[in-house]
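The values are calculated or read from the model by the stated rules, or taken from the named source; none is laboratory data. In this text, all values refer to a predicted model and were calculated from it rather than measured experimentally. In this analysis, Cβ positions are derived from the backbone assuming ideal geometry, glycine residues included, and neighbour counts consider all displayed protein chains. All accessible areas refer to the heavy atoms of the entire protein, side chains included, with ligands and DNA or RNA removed. Shrake-Rupley method; radii C 1.70, N 1.55, O 1.52, S 1.80 Å.
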Amino acid sequence: MSAYVTKSPWVVHYDGSSCNGCDIEVLACLTPMYDVERFGIINCGNPKHADVFLVTGSVNEQNKGIVKQIYEQMPEPKVVVAVGICACSGGIFKDCYNVLGGVDQVIPVDAYVPGCAARPEAIIDAVVKGLGVLQAKRDAMLEQKPAEEAPAEEAVEETAEAVEEVKEEGGEE
Amino acid sequence: MIVKAVISIIAYLVLAPLVGGLLAGLERKLSAKMQRRVGPPVLQPFYDVFKLFEKEKMAPTRFQDFYVLIFVVFVIASGLLFFAGGDLLLVIFTLTIATAFLIVAAYSSNSPYAEVGAERELLAMMAYEPMVLLTAIGFYMYHGSFNVRDILASDTMCLLPMLGIFVGWIFILTLKFRKSPFDLSMSHHAHQELVRGLTTEFVGRTMGLIEISHWYENVFLLGFVFLFFANGTAWGWVIGIVVAILTYFVEVFIDNTFARMKWQFAFKASWIIAIVLGMVNIFVLYLCY
Ligand code: SF4
């Protein structure tokens, strides 16, 4: 049975040391143009209510504690999506003296969205992919064992199809 | 009489969360349409609550969930008293106790956001309580009884003689439903300066229970609107139910067209309304009935 968490993923968004480009794109997903609420996605701004953690920008010495704390405050099942090339690897800021690199330097990341800035379609795609991971984690929670690395194939396929449909709809306009 | 009461109690227990959840779903759809979005499925609030029940348990103190449980029990109890035809004053005070426990639950977490939310909820209570009491008093003055049963049995519609009180009640419903411009203590929208205000620290099933009790609460607050129209005939019932549901969507409309106001405005506005519309109406009732 598919878990309800895949039907109502609430998002908390944290801006690491991003240039703000990716943040604007994350917010663009909420606008009438992309309207992620039709998938039940809400930007709830509270880690304790959130299922999906969107991080934009790289982690540095100052914010690594914050990123960790937000992650720890989220109740299981949860997924982390790194948005933009900065969040994936450090990107253009990689060589700065205070930058540690991508978000995966401090917390486990489930989906990476490349791009500078990441496109809203790609962000939605990543969140929907993350739903497969959420489903797998939920199943693992039910069986009382640690989550497997690979997300449930079926769920990913299903959600990927949904995204394709949306993209087609968008293309027609 | 007793059979009737038992039937309405069971109907309330089963139907109220369904109706409340559906109204919440339609509300989100309507808000989305007003913003030219597609919006979530109508059943989305149910998905949200089922999801919340799937989440891990987490609480800053072990007392918090206990207080929330008392809140839920008292909210449901106040609705039960109402739909069983009980005393309006008892209903109102039971609901007040429920809200008080929600506030205590928020305070117990010791989180700054929850505390600010709890404080604002206290201010909101102070703002709407006078009008709530005046509404009950108005019903008493017109019908000569605080009992919902007697009010329903009356053969005249009390809307016109109680028009001021009706408008006042609709006004404070915005506070009670926590909708803009008075969504001071928490909000379903993306006002994030308080994180989630009152509900910041409620996780998973605790939050789910709170959502469900809001559905119960909404239905029974709309029940008050219905009381203004009951006149013992089928027409009274139909008009009452239609107006009650319309009221909800008027609140959604207001929610979408106003920005959040400061608590000072909420306080002044609702006291002025209570004094001008409520008191004057009570005085008129005193002279005429
Ligand atoms: S990936 Fe590009 S747009 Fe996004 S935060 Fe980094 S530099 Fe800015």
### Task
Check B:Trp237 against each of (1) assigned to a loop (DSSP other than H, G, I, E, B); (2) over 20 Å from the mean Cα position of the chain (by Cα); (3) of a type in the set (A, V, I, L, M, F, W, C) and name the one condition it does not meet.
(1)
### Query
Condition test on B:Gly138, is it touching a residue at least 40 places away in the same chain (Cβ under 8 Å), away from every other protein chain (no Cβ under 12 Å), in contact with a Leu (Cβ under 8 Å, 6 or more places away or on another chain) and surrounded by fewer than 22 Cβ atoms within 10 Å (Cβ to Cβ)?
no
### Task
Run A:Gly45 past the list (1) within 12 Å of chain B (Cβ to nearest Cβ); (2) in contact (Cβ under 8 Å) with a residue 60 or more places away in the chain and report the number of the one that doesn't hold.
(2)
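Taking the condition surrounded by 23 or more Cβ atoms within 10 Å (Cβ to Cβ), of a type outside the set (S, T, N, Q) and either away from the ligand (no atom under 15 Å from the Cβ) or in a helix (DSSP H, G or I) (or both), does A:Val55 pass? Working first, answer last.
Values: surrounded by 23 or more Cβ atoms within 10 Å (Cβ to Cβ): yes; of a type outside the set (S, T, N, Q): yes; either away from the ligand (no atom under 15 Å from the Cβ) or in a helix (DSSP H, G or I) (or both): no.
Considered against the rule, which asks whether it is surrounded by 23 or more Cβ atoms within 10 Å (Cβ to Cβ), of a type outside the set (S, T, N, Q) and either away from the ligand (no atom under 15 Å from the Cβ) or in a helix (DSSP H, G or I) (or both), A:Val55 comes out as no.
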### Message
Regarding segment B:139-158, can at least one residue be identified that is within 29 Å of B:Gly21 (Cβ to Cβ) and in contact with a strand residue (DSSP E or B) (Cβ under 7 Å, 6 or more places away or on another chain)?
### Response
no
#### Entry: Count of residues meeting criterion [open to solvent by less than 80 Å² (accessible area, probe 1.4 Å) and under 13 Å from B:Lys179 (Cα atoms)] in segment B:258-276
4
### Query
Only one of (1) within 14 Å of chain B (Cβ to nearest Cβ); (2) open to solvent by 10 Å² or more (accessible area, probe 1.4 Å); (3) in a helix (DSSP H, G or I) is not met by A:Gly65, so which one is it?
(1)
### Query
Which condition number in (1) at pLDDT 90 or above; (2) under 23 Å from B:Pro45 (Cα atoms); (3) away from chain A (no Cβ under 14 Å); (4) out of contact with any Pro (no Cβ under 7 Å at 6 or more places or on another chain) is the one that B:Arg178 fails?
(1)
### Task
Inspect all residues belonging to segment B:240-251 and state whether any of them is surrounded by fewer than 21 Cβ atoms within 10 Å (Cβ to Cβ), more than 20 Å from the chain's Cα centre (by Cα) and touching a residue at least 12 places away in the same chain (Cβ under 8 Å).
no
### Query
Here are some residues: A:Ala111, A:Ala118. Which one is away from chain B (no Cβ under 14 Å), more than 14 Å from A:Lys64 (Cβ to Cβ) and either more than 13 Å from the ligand (Cβ to nearest atom) or open to solvent by 30 Å² or more (accessible area, probe 1.4 Å) (or both)?
A:Ala111
### Query
Which one is farthest from A:Lys137 (Cα to Cα) among residues in segment A:77-93 that are under 12 Å from the mean Cα position of the chain (by Cα) and away from the ligand (no atom under 15 Å from the Cβ)?
A:Val80
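Quick one: in segment A:58-71, of everything that is polar (S, T, N, Q) and under 21 Å from A:Ile85 (Cα atoms), which residue is farthest from the ligand (Cβ to nearest atom)?
The first filter runs over segment A:58-71 and keeps only residues polar (S, T, N, Q), leaving A:58, A:60, A:62-63, A:69.
If we keep only those that are under 21 Å from A:Ile85 (Cα atoms) too, we end up with A:58, A:60, A:62-63.
Numbers: A:Ser58: 8, A:Asn60: 13, A:Gln62: 16, A:Asn63: 13 Å.
Only one residue fits best here, namely A:Gln62.
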### Query
Restricting attention to segment B:33-44, and to residues there that are within 23 Å of the chain's Cα centre (by Cα) and outside any helix (DSSP H, G or I), which single residue is farthest from the other protein chains (Cβ to nearest Cβ)?
B:Val42
### Message
Go through segment B:72-115 and report how many residues are within 15 Å of the chain's Cα centre (by Cα) and of a type in the set (Ser, Thr, Tyr).
### Response
4
#### Entry: Residues of segment A:75-85 classified as away from every other protein chain (no Cβ under 14 Å) and open to solvent by 20 Å² or more (accessible area, probe 1.4 Å), total
1
### Query
With respect to the numbered conditions (1) within 16 Å of the ligand (Cβ to nearest atom); (2) at pLDDT below 90; (3) open to solvent by less than 10 Å² (accessible area, probe 1.4 Å), which one is the sole condition not fulfilled by A:Cys96?
(3)
#### Entry: Those residues of segment A:6-51 which are farther than 21 Å from A:Ile66 by Cα, outside any loop (DSSP other than H, G, I, E, B), open to solvent by 20 Å² or more (accessible area, probe 1.4 Å) and more than 16 Å from the ligand (Cβ to nearest atom), in sequence order
A:Thr6, A:Glu37, A:Arg38, A:Phe39, A:Ile42
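Name the residues in segment B:181-232 that are aromatic (Phe, Trp, Tyr) and within 14 Å of chain A (Cβ to nearest Cβ), would you?
Going residue by residue through segment B:181-232, those that are aromatic (Phe, Trp, Tyr) are B:182, B:202, B:215-216, B:220, B:224, B:226, B:228-229.
If the condition is that a residue be aromatic (Phe, Trp, Tyr) and within 14 Å of chain A (Cβ to nearest Cβ), then B:Phe202 is the only one that fits.
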### Query
Which residues, counting only those in segment B:45-93, are assigned to a helix (DSSP H, G or I), within 30 Å of A:Gln144 (Cα to Cα) and open to solvent by less than 50 Å² (accessible area, probe 1.4 Å)?
B:Pro45, B:Phe46, B:Tyr47, B:Asp48, B:Val49, B:Lys51, B:Leu52, B:Glu54, B:Gln64, B:Val68, B:Val72
